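Comments concern the structure below.
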Amino acid sequence: YMDETEISNVHWREYLYWLSRVFGTDYPEVYKKALPDTLVWRDRLAYNEPYVELYLRHPAYQNYPVVGVNWLQASDFCAWRTDRVNERILIRESVLRENPAQVNEDNFNTDAYFAGQYEGLVRNPLNDFNPNNDTRKVRMEDGILLPRYRLPTEAEWEYAALGLIGGTVFENVNERKI
């Protein structure tokens, strides 16, 4: 599956806000590493200074796609998005409690949760049907949590760019519709 639209400036600003709130005091380099390169708008023969200064933060551009993000930043965003979505699912399922005071290492991480290293606000662990244990943590095979968000491979990107919607029968491409 792929998102229907690009990640917009408002989504990236939400990511930056979370990084500054959680890591800003003790690890400001985490926030600075996530800032997009706004100088991508600079061109020798063009006047793009309003874009350089306003594109990321101005409300008029909040639904425009974020630009100036490299592959590592996009991968970090995918990991952050996976953790936030799975945290929200566990809160919705009453497994975790809401923790608005997350700071530094005290934030939800899906991999740490699976490894049993997350010491957050656990509300109700699941009942374990093993007679030796009373409760257990949520596992991936329970079907509650979502798999990792990731960037598409080059082949997946090219296939999605073809736009073969409506031209397939049981995953066989019969014709090349636009």
Any residue at all in the range 7-17 that's assigned to a helix (DSSP H, G or I), open to solvent by less than 60 Å² (accessible area, probe 1.4 Å) and among the hydroxyl-bearing types (Ser, Thr, Tyr)? yes
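Of everything in the range 82-120, what is in contact (Cβ under 8 Å) with a residue 60 or more places away in the chain and either over 20 Å from the mean Cα position of the chain (by Cα) or assigned to a loop (DSSP other than H, G, I, E, B) (or both)? Give them in sequence order.
Once the filter is applied, which keeps residues that are in contact (Cβ under 8 Å) with a residue 60 or more places away in the chain and either over 20 Å from the mean Cα position of the chain (by Cα) or assigned to a loop (DSSP other than H, G, I, E, B) (or both), the range 82-120 yields Gln102, Asn104, Asn107.
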Just one of Val52, Val69, Val40, Val10 is aliphatic (A, V, I, L, M) and in contact with a Leu (Cβ under 7 Å, 6 or more places away or on another chain); which is it? Val52
What are the residues in the range 48-62 that are loosely packed, with under 12 Cβ neighbours inside 10 Å and at pLDDT 90 or above, if any? Pro59, Ala60
What is the number of the single condition among (1) under 16 Å from the mean Cα position of the chain (by Cα); (2) free of Cβ contacts under 8 Å to residues at least 24 places away in the same chain that Lys32 does not meet? (1)
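The values are calculated or read from the model by the stated rules, or taken from the named source; none is laboratory data. Remember, it's a predicted structure, so these values are computed and weren't measured experimentally. Positions of Cβ are backbone-derived with ideal geometry, glycine not excepted, and every protein chain shown enters the neighbour counts. Accessible surface is based on the protein model in full, side chains and every heavy atom, while ligands, DNA and RNA are left aside. Shrake-Rupley method; radii C 1.70, N 1.55, O 1.52, S 1.80 Å.
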